[in-house]
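The values are calculated or read from the model by the stated rules, or taken from the named source; none is laboratory data. Since the model is a prediction, treat every value here as computed from it, not as a measurement. Don't worry about glycine lacking a Cβ; one is built from the backbone with ideal geometry, like all the others, and counts go over all protein chains shown. Note: accessible area is taken over every heavy atom of the protein model, side chains too, but ligands, DNA and RNA are not part of it. Shrake-Rupley method; radii C 1.70, N 1.55, O 1.52, S 1.80 Å.
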Amino acid sequence: MTWASIDLNADLGEGFGRWRLTDDEALLSVVTSANVACGFHAGDAATMRRVCTLAAEHKVRIGAQVSYRDLAGFGRRPMDVPPDELAAEVAYQIGALEVFARAAGTRVSYVKPHGALYNRVVHDEQQAEAVVEGVMLTGERLPLLGLPGSTLHTMAEKAGLPVVTEAFADRAYTADGTLVPRGQEGAVLTDQDAVVERSVSMARFGVVTSHCGRPVGIRARSLCVHGDTPGAVALARTVRARLEESGVRVEAFV
């Protein structure tokens, strides 16, 4: 399946105090949706406020990128968090970001898990239900961004929440359509031509070549370009330009 349009998202606000990992302002001139770190894997109050203000100025949709409480491990370490605790922490993160989004004259428009939590809820029903419960606690029917066919999306749909399928421009895929773990060689792609070619293929034809060379169907409404990869801004600009040259409209899904 192909889409006449596709959303382009990036993980932003991934800094803390004096440390900044992503070029937020430059990326906000390219993407249509911003997954903003909410303080658990990265981000702090000042960073969230700054990114929300910039996103509003650029008319970019704001998403809460919720994570396990793992600032030291950047949210990429596997953790076992009791479901009731995880639900509360998801709601807490969304609520914190919503304050700054409203102050900037906009709102949190969707939710995307980060790192280890993102990969966990592809298959783990209890953790997926906890994320959904956390969203429900906010009182808003916020869309959940995640992998096609994930358990997270199954649980979200059961709860009546909208779901948005996502593909990754710069991540390698396994033959079953999941992401190659970051610890494996070749999990993150840095070759610009390869990333651009894959982006167009996924947006236009819904197909990507897996890590083992097999074609994999990827039905995605949103395409992620990671903000913490080398040359992220130039890569995002090239991806967007090539998508538009290929006849794909780049626009927010909400």
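Summary of values
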item	result
Hits in the stretch 185-212 - residues which are of a type in the set (A, V, I, L, M), touching a helix residue (DSSP H, G or I) at 6+ places or on another chain (Cβ under 7 Å) and assigned to a helix (DSSP H, G or I)	Val195, Val196, Val200, Ala203
Qualifying residue in the stretch 227-242 (condition: within 23 Å of Gly177 (Cβ to Cβ), outside any helix (DSSP H, G or I) and open to solvent by less than 10 Å² (accessible area, probe 1.4 Å))	no
Residues located in the stretch 71-89, provided they are closer than 17 Å to Val36 by Cβ and either more than 15 Å from the chain's Cα centre (by Cα) or not hydrophobic (A, V, I, L, M, F, W, C) (or both)	Leu71, Gly75, Glu89
Restricting the stretch 12-48 to residues that are of a type in the set (D, E, K, R), outside any helix (DSSP H, G or I) and in contact with a helix residue (DSSP H, G or I) (Cβ under 9 Å, 6 or more places away or on another chain), the residue that is most open to solvent (accessible area, probe 1.4 Å)	Arg20
Residue under evaluation Gly139, criteria (1) over 20 Å from Glu157 (Cα atoms); (2) without any contact (Cβ under 8 Å) to a residue 12 or more places away in the chain; (3) in a loop (DSSP other than H, G, I, E, B); (4) not aromatic (Phe, Trp, Tyr), criterion not met	(1)
Subset tally (residues that are open to solvent by 40 Å² or more (accessible area, probe 1.4 Å) and in contact with an Asp or Glu (Cβ under 8 Å, 6 or more places away or on another chain)) for the stretch 86-132	1
So Val180, is it surrounded by 15 or more Cβ atoms within 10 Å (Cβ to Cβ), among the β-branched types (Val, Ile, Thr), within 23 Å of Ala26 (Cα to Cα) and in contact (Cβ under 8 Å) with a residue 24 or more places away in the chain	no
